[in-house]
């Protein structure tokens with residue numbers, strides 16, 4: 001994904017629901033002369049596609065809050081026991 005066209009195509013296939021529309025809206029709202037802002041938007045959506053293609057990242061996103069809280073509690077208890 002080196003171009004905006006490639007990013008648009010990737011968002012259409014691999015993006016989360018609504019990502020392509022949100023990307024287009026953010027670009028439309030941005031001052032296209034502000035290259036830092038355009039880069040910030042494109043990097044954020046590029047990372048979303050990369051996240052979606054990473055099985056470990058998706059598995060982490062699918063975990064329940066209770067599961068994460070339980071794991072953190074166990075790790076904190078282990079650390080405090082030291």
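The values are calculated or read from the model by the stated rules, or taken from the named source; none is laboratory data. Every value quoted in this text rests on a predicted model; they were computed, and no experiment measured them. Methodologically, a virtual Cβ is constructed for each residue, glycine included, from the backbone with ideal geometry; neighbour enumeration extends over all protein chains shown.
Can you list residue pairs whose Cβ atoms sit under 7 Å apart, with the first residue in region 22-38 being under 21 Å from residue 10 (Cβ atoms) and the second being at pLDDT below 95? Count only pairs 6 or more apart in sequence or on different chains.
Once the first residue is under 21 Å from residue 10 (Cβ atoms) and sits in region 22-38, its partners that are at pLDDT below 95 give 38/32.
Would you point out the residue of region 4-60, among those that are modelled with pLDDT of 95 or more and outside any helix (DSSP H, G or I), that is farthest from residue 71 (Cα to Cα)?
Among those that are modelled with pLDDT of 95 or more and outside any helix (DSSP H, G or I), it is 33.
Mind checking which residues of region 52-82 are exposed (fewer than 10 other Cβ atoms within 10 Å of the Cβ) and either touching a strand residue (DSSP E or B) at 6+ places or on another chain (Cβ under 6 Å) or over 29 Å from residue 19 (Cα atoms) (or both)?
77, 78, 79, 80, 81, 82
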